[in-house]
Amino acid sequence: MYKLLITGGNGQLGRAINSLYLKRDDIECINTDVADLDITDLNAVLNYVEKCRPYAIVNCAAHTAVDLCEDQVDLAYKINAIGPRNLSIAAEKYDCKMMQISTDYVFGGDASEPYIEFDVPNPQGVYGASKLAGENFVKEFSTKYFIIRTAWLYGDGKNFVKTMLRLAEERDEVGVVCDQVGSPTSTFELAKAMDKLLFTDNYGTFHGTCEGVCSWADFAEEIFKLAGKNTKVNRLTSDQYPAKAKRPAYSVLENYMLKLTTDFMFADWHDALKEYMDWLQKQ
């Protein structure tokens, strides 16, 4: 029996992992959220891991409210950096694998071609800097680790797709930023990539996003098209949509390490979005 300790188990990615392993008799998902396990408390983490002795720790917990992180600096570093550090210390002590979910925000967002795992990070805000600190702690304290950077995630929970579908019911047009580009990524696809790595010794840092590139405005238009909505997308610049934290203008990650070391390919973002929206209709 493979026990997977999933922190942030009730989040979008945690739910996708649980869904993937639902019918697997040989895998047990031990889900925790902050009420069950405070990952910022080293002793609590060590005690919890000692009791459940997992095959792997999968850290989906994070402070992801990008603008709030600019105000809650200490909290961002506690959750995004100290949390992964504590989990990595425990993983090493009790000889289990460590899988850390990271983000495109570790990069500067000013590139002209997709970022690969060998590019030098250059975070522009507290969220990205704290997530990068978390990556570095994982590398420092764990020998059997996978770091997976992803971007523009949507799944079972609050996300951009659901927000656009709700707005389409309420209004005839919406304003969406058109000068930030990336790769919308389904948690269902990301969970499959995680599964591809988790039971191997193919350790290291990986990028994990759906194939293809679009802007947020393109993404919204595709959502409306698939939903059969005539909602008009008004294309805005980032300057017209001010936010406390700087958003990367270019968030495209190339899944270079996956392509170099595995036969796994993410679905194109159009196909993954269609599959997700079909799934939504059945809920």
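Computed from the coordinates by the stated procedures, all read-outs in this text should not be read as laboratory data. Being a predicted model, the structure only gives us computed values, none of them experimental. For neighbour counting, all protein chains shown are included, and Cβ atoms are generated from backbone atoms with ideal geometry for every residue, glycine included.
So between Leu75 and Ser19, what do we pick up on full extension, going 0.36 nm a residue minus the alpha carbon distance?
Taking Leu75 through Ser19 to full extension adds about 17.2 nm, to one decimal.
Comparing Ala227, Ala62, Ala91 in a Gaussian network model of the chain, where Cα atoms under 10 Å apart are tied by springs, the biggest mean-square fluctuation is seen for Ala227. Where does helix 126-141 land angle-wise versus the long Cα axis of the chain, in degrees 0 to 90, nearest 10? Long axis of 126-141 versus the principal axis of the chain: about 30 degrees. Using the Cβ-Cβ distance between Leu68 and Lys246 with R0 set to 22 Å, the FRET efficiency works out to roughly 0.95. For the residue pairs Lys158/Lys274; Lys93/Lys244; Lys139/Lys162; Lys97/Lys282; Lys162/Lys259, the alpha carbons lie more than 29 Å apart in Lys93/Lys244; Lys139/Lys162; Lys97/Lys282; Lys162/Lys259.
Distance between the 7 Å Cα→Cβ label points at Asp263 and Lys93: 4.1 nm. Model label points for Asp239 and Lys162, set 7 angstrom from Cα along the Cα-to-Cβ axis, are 3.5 nm apart. Each peptide in 65-76, 165-176 gets a packing score, the mean of other Cβ atoms within 10 Å over its residues, and the list from highest to lowest is 65-76, 165-176.
A crude spin-label estimate for the pair Glu170 and Lys51, with each label 7 Å from Cα along the Cβ direction, gives 4.1 nm. Just report the Cα centroid separation between region 1-53 and region 106-156, whole Å. Cα centres, region 1-53 to region 106-156: 22 Å. Amide H contacts of Asp268 (H built 1.01 Å from N, in plane; Pro and chain starts excluded): Glu211 sit under 5 Å, all sequence-distant by 5 or more or on other chains. Charge tally around Cys210: other residues with Cβ under 15 Å, Lys/Arg +1 each, Asp/Glu -1 each, net -4.
Within the listed set Phe160, Phe199, Phe224, the residue fluctuating most in the Gaussian network model of the chain (springs between alpha-carbon atoms under 10 angstrom) is Phe199.
Going from the fewest other Cβ atoms within 10 Å to the most, the residues Asp36, Asp156, Asp179, Asp95 appear in the order Asp95, Asp36, Asp179, Asp156. Let me check I've understood the local charge: for Asp172, count other residues with C-beta under 10 angstrom from its C-beta, Lys and Arg +1, Asp and Glu -1. What total comes out? Every neighbour counted, the sum reads +1.
Largest GNM mean-square fluctuation across Lys97, Lys232, Lys131, computed for the chain with C-alpha springs under 10 Å, falls on Lys232.
Once the C-beta distance of Asp26 and Asp278 is scaled by a Förster radius of 30 Å, the resulting FRET efficiency is 0.60 to the nearest 0.05.
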